[in-house]
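Notes to accompany the following structure.
The values are calculated or read from the model by the stated rules, or taken from the named source; none is laboratory data. Values in this document were obtained by computation on a predicted structure and should not be read as measured data. As a convention, Cβ positions derive from the backbone with ideal geometry for all residues, glycine included, and neighbour counts pool all protein chains shown. Each accessible area value is taken on the protein alone, full model and side chains, heavy atoms only, with ligands, DNA and RNA left out. Shrake-Rupley method; radii C 1.70, N 1.55, O 1.52, S 1.80 Å.
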Amino acid sequence: MCGIAGYVGKIKNSPNKKNILNCKSSLIYRGPDNNDIYTEKVKNKKLIFLHSRLSIVDIDKGSNQPFNDQEGVLIFNGMIYNYLELRSELKKHGVKFVTNSDTEVLLKLLNFYSEKALNKLEGMWSFAYFNKKTKILIMSRDRLGEKPFYYFNKNNNFYFSNSILSLRKIIGKNFYFNQKKINNLLTFPDKTYGLDNETVFNNIYQIPPGTYLKFKIERYSKIKPISFWKIKIGNKNI
């Protein structure tokens, strides 16, 4: 299951220690096996990654997250079904591994291919990845949206989590209901929720299924989901 959360934005606006610890504690229900934090400063910006782990693939502590190497750092919820095939592909390019986890495969794949790695993945996921060299962030959700990814962005201070509770904890403010969205859900429960990136809370959005966000930590303005996959529906005369 695993829990992910984080912040990207100005150092002066970054969440205080209390909010970070509250968020970290709230993630434990999603991953009781390990709980850790990664932080980095880039000029006047700060990056915070939090992760709580439910150990399934390669239960060794060497696969704990945030998982990082010289090129990048990753927090990941989900499972990459074809990670063994992708591992073999990367080995042919000279990529070396120190664990047997799908997490490391995903990190190395993103190091090597950047967002083009998404087209190679089979599985379910929500993740946040930071490239230490290019200072680029990539955040993504799987094709059908099996794994959640929520975010709040105000004045280019970007908060995210796969848990609404943990997102509220790291922001440190109460959320208020999006009444229009709730009315639509009650009226058309199976026809409205996934049609846009709104949630039942005001100003809290979700990355739509089959999309990703990509931006530089040093400067970004408008953050817009980019599609890497769309379901193809064709007419067939029978």
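Figures for the structure shown
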| quantity | calculated |
| --- | --- |
| Straight-distance crosslink candidates among aspartates and glutamates, where the alpha carbon sits under 20 Å from Lys180 and sequence neighbours closer than 8 are dropped | Asp190, Asp196, Glu198 |
| Whole-number D in µm²/s for region 177-238 (Stokes-Einstein; Kirkwood sum over Cα pairs; 25 °C, 0.890 mPa s) | 172 µm²/s |
| Cα Rg, Dmax, region 1-124, angstrom units | 15.1, 45 |
| Stretchable slack from Lys224 to Val200, in nm (0.36 nm times residue separation minus alpha-carbon distance) | 6.7 nm |
| Backbone HN-Hα couplings from phi across region 44-52 [Karplus 6.51/-1.76/1.60, Hz, Gly and Pro as x] | 9, 10, 10, 10, 10, 10, 10, 8, 10 |
| Distance in nm between pseudo-label sites at Asn156 and Lys96 (7 Å out along the Cβ direction from Cα) | 3.9 nm |
| Scattering curve values for the chain, log₁₀ I(q)/I(0), Debye with Cα scatterers, q = 0.15 Å⁻¹ | -1.03 |
| Whole-number D in µm² s⁻¹ for region 56-142, Kirkwood Cα-pair radius fed into Stokes-Einstein, 10 °C, 1.306 mPa s | 124 µm²/s |
| Listed residue pairs exceeding 32 Å between alpha carbons, taken from Lys46/Lys108; Lys154/Lys232; Lys18/Lys230; Lys43/Lys224 | Lys154/Lys232; Lys18/Lys230 |
| Cα-Cα pairs of region 81-203 separated by more than 23 Å (percent) | 46 percent |
| Förster radius 41 Å - calculated FRET efficiency between Ile238 and Glu115 (Cβ-Cβ, nearest 0.05) | 0.60 |
| Label-point separation in nm, Asn183 to Ile11, each point 7 Å along Cα→Cβ | 4.6 nm |
| Surface share of carbon and sulfur [accessible, 1.4 angstrom probe, percent] for region 43-85 | 51 percent |
| Whole-number D in µm² s⁻¹ for region 1-51, Kirkwood Cα-pair radius fed into Stokes-Einstein, 37 °C, 0.692 mPa s | 289 µm²/s |
